[in-house]
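Structure first, commentary second.
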Amino acid sequence: MLTVTRKMGRFGLKKELRLGRMGVFLGKSFFYLLTPPLKLRLLLKQIDFIGYQSLPIIFLTGAFTGMVLAFQGFLSLSRVGSEAFLGPLVGVALITEMGPVISALMVTGRAGSSITAEIGIMRNSEQIDAIKLMGLNPYRYLVVPNLLAMMLCLPLLAAIFDVVGIYGGYLIGGKLLGLSSGTYFGEMAAQVDYKDILNGLFKSLNFGVIIAWICCFKGYYTGIFTGQGAKGVSQSTTQAVVMACVLILVWDYFLTSTRLFS
Amino acid sequence: MIEVESLYKSFDGVQVLKGVSFKVGQGEVLALIGRSGYGKSVLLKHLAGLLKPDQGRVLLDGRAIGSLQGRALAQLRARLGFLFQGGALFDSMTLFDNVAFPLREKTKKNEREIEERVLYELNEVDLIGSENKFPAQVSGGMQKRVALARALIQEPEMMLFDEPTTGLDPLTGQTILKLIDACHQRLKFTGIIVTHEIPRIFAIVDRVALLHDGLIQFEGTPDDIRGSRDPLVKEFLEGNK
């Protein structure tokens, strides 16, 4: 019985230590983000990688999400004779929920996993130690550019996702199912509030922080909280993607329930 | 000067270092030998402040590296060079950029000055002509030489070498040892070389220390170790014949 209690206690302490490290990691990341010097070249490289190179997947998923929303929405609304509200339905759903969440999940899978793997390999091959031994701060090279790039790119990607999704919805609602463009866009303009847009963009900003935080943390502590070598990198990458996706959805619930801009 | 005072370290209940103490005088080079997996690299990482000891301390020029943080730690580390076992080159950068990295990030030299300095160091390690290649495109020996050039570009006062010849053929290994010796003659750094290169290492070091079972079991000049009657030392040397 005592052994079981001890084991449980040890497990609890381990988890607590890890959570504490995660908190400290986030705090340090923001501290170095807010204090110079900023590695501008690395920031631009990460904006290209996280933002520009994610555009094809954002266009594709945005278009199909809007099209599916329009299809399902039209079928549901036609049962109660309210097809005219298809535009607001697609618009509000995309701007406040689907846009920020799906774009964040896509970026986690595409860029977040790659960030974890890259930093994890750098940890394994002692490149992070090499940076430290040059008297330099690894956070400024590996974490801050990713954090800032995520915070800048995620809201923009979500906005693009929204616009493409709305046009995808119009293709189905307007061109395929016969709703006029005036009804689709007119009702949308009347019903969608600028606060919805602010809430959506604020969510994206939060998700950007979550992705950078989790993915950089998991990479940085490869071999410490996970196994060594290639297996350690693969474990870290899997854990980063799963944890970031779950946290995005959980945090989305809290942000939706509080609605900061209302 | 490098001083290690009663250093203890354990991992998951396994005691790796059990009170290691030794000194390396100014400008001296010490070879740290011992069986694989007996804590030589762990000891070296303590000297660089990459690991924190459970007990004891490491003094670099009188300053305890384990108690330093932030800028003070960075300043002390700037005086220290470290050659990693695997080179630890940045694989996304060319060899030139790897060597130039510390100068670009830590000095206010302009690009022309940096280029001059980097080409000088690459010439010293006989790598002129390969500067635009990436680490993955060159051999292990070349990677070690680039790592050496990068470690030395800031002319450190103290150098730590973690098995600089591991994984290299005997000729390349000999070249690396000669390079280390030449760099020591040029820069007069205080150095510690963790190595299995016995007896070749004796030609380029001032003293030798044998780490075994978590303690320094022998310390002396290369001649002392050759003449030692200690069964452990004899067994170790004969095992390397």
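Taken together, the values in this text are just the output of simple stated rules run on the coordinates, not laboratory data. The structure presented is a predicted model; accordingly, all values stated were derived computationally and were not measured. Please note: Cβ atoms are built from the backbone with ideal geometry, for glycine as well, and neighbour counts cover all protein chains shown.
Have a look at the DSSP beta bridges in chain B and tell me what percent are antiparallel, nearest 5. Show your work: numbers first, answer last.
Details: 20 of 37 bridges.
Bridges in chain B that DSSP calls antiparallel: roughly 55 percent.
Applied to segment A:48-57, the Karplus parametrisation 6.51 cos²θ - 1.76 cosθ + 1.60 on θ = phi - 60° returns per-residue 3J(HN,Hα) values of 4, 5, 7, x, 4, 6, 8, 4, x, 5 Hz, with x for Gly and Pro. The charge dipole of the protein assembly as shown, taken about its Cα centre with unit charges on the Cβ atoms of Lys, Arg (+1), Asp and Glu (-1) only, comes to about 940 debye.
Which order do the peptides B:34-47, B:211-224, B:146-159 take when ranked by the mean count of other beta-carbon atoms within 10 Å per residue, highest first? Spell out each step's value before the answer.
On the way: B:34-47: 19.4, B:211-224: 16.1, B:146-159: 22.6.
Highest-to-lowest ranking by the protection proxy: B:146-159, B:34-47, B:211-224.
The mean number of partner chain beta-carbon atoms within 10 angstrom of a residue's beta-carbon across peptide A:131-142 is 6. Structure shown: which of B:K52/B:K188; B:K52/B:K108; A:K45/A:K195; A:K39/A:K218 lie over 30 Å apart, alpha-carbon to alpha-carbon? Going by Cα-Cα distance, B:K52/B:K108; A:K45/A:K195 fall outside the 30 Å limit.
Selection among B:L171, B:V29, B:L17 by position relative to the dipole of chain B gives B:L17 as farthest towards the positive end (Cβ unit charges, Cα centre). Tally Lys/Arg at +1 and Asp/Glu at -1 over every other residue whose Cβ is under 12 Å from the Cβ of B:R186; what's the total? After counting each charged neighbour, the total is -3. Just the Cα atoms of segment B:89-155, one point each, no solvent: what log10 I(q)/I(0) does Debye give at q = 0.13, 0.14 Å⁻¹? The Debye formula, applied to the Cα set alone, gives -0.28, -0.33.
Count charges around A:L201 for me, please; just the other residues with Cβ under 14 Å from its Cβ, Lys/Arg as +1, Asp/Glu as -1. Spell out each step's value before the answer.
Numbers: positive: A:K195, A:K203, A:R259; negative: A:E97, A:D162, A:D193, A:D196, A:D252.
Here the charged neighbours net out to -2.
The separation of segment B:192-241 from segment B:27-80, counted between C-alpha centres, amounts to 21 Å. Under a model in which nothing but the beta-carbon of Lys, Arg (+1) and Asp, Glu (-1) is charged, segment A:1-78 shows a dipole of about 740 debye around its Cα centre. Taking a straight line from the alpha carbon of B:K18, these aspartates and glutamates sit under 12 Å away, with near neighbours fewer than eight places off in the same chain left out: B:E5, B:D54, B:D213. For chain B, the 222 nm mean residue ellipticity estimated from helices alone, with every DSSP H stretch of n ≥ 4 adding -39500 (n - 2.57) and the total spread over all residues, rounds to -11000 deg cm²/dmol.
Give me the net charge of B:L50's neighbourhood, meaning all other residues with Cβ under 10 Å from the Cβ of B:L50; Lys, Arg count +1, Asp, Glu -1. Could you put the intermediate results ahead of the total?
Working: positive: A:K132, B:K45, B:K52, B:R77; negative: A:E126, A:D129.
Summing Lys/Arg as +1 and Asp/Glu as -1 gives +2.
Shape analysis of chain A places it in the prolate category; the axes a ≥ b ≥ c from the Cα gyration tensor give an a/c of at least 1.5, with a/b above b/c.
I'd like the antiparallel share, as a percent to the nearest 5, of DSSP beta bridges with both residues in the protein assembly as shown. Walk me through the numbers on the way to the answer.
Working: 20 of 37 bridges.
Antiparallel bridges: around 55 percent, rounded to the nearest 5.
Rounded, prolate or oblate, given the Cα gyration tensor of segment A:1-59, with a/c below 1.5 counting as rounded?
On the way: a/c = 6.11, a/b = 2.15, b/c = 2.84.
Oblate is the answer for segment A:1-59, as a/c is 1.5 or above yet b/c matches or exceeds a/b.
Remark: the Cα gyration tensor places segment A:68-116 in the prolate category, a/c being 1.5 or greater and a/b exceeding b/c. Between B:E155 and A:F64, the simple spin-label model (points 7 angstrom out along Cα→Cβ) gives 6.1 nm.
Explain nothing, just the number: dipole magnitude of segment A:40-258 about its Cα centre with +1 on each Lys and Arg Cβ and -1 on each Asp and Glu Cβ, in debye rounded to the nearest 20.
Numbers: 12 positive and 11 negative charges, 106 e Å.
For this selection, approximately 500 debye.
Roughly how many whole Å is it from the C-alpha centroid of segment B:127-160 to that of segment A:1-42? So the two Cα centres are separated by 34 Å.
Here the calculated FRET efficiency for A:R21 and B:K23, from their Cβ-Cβ distance with R0 = 41 Å, stands at 0.70, rounded to the nearest 0.05.
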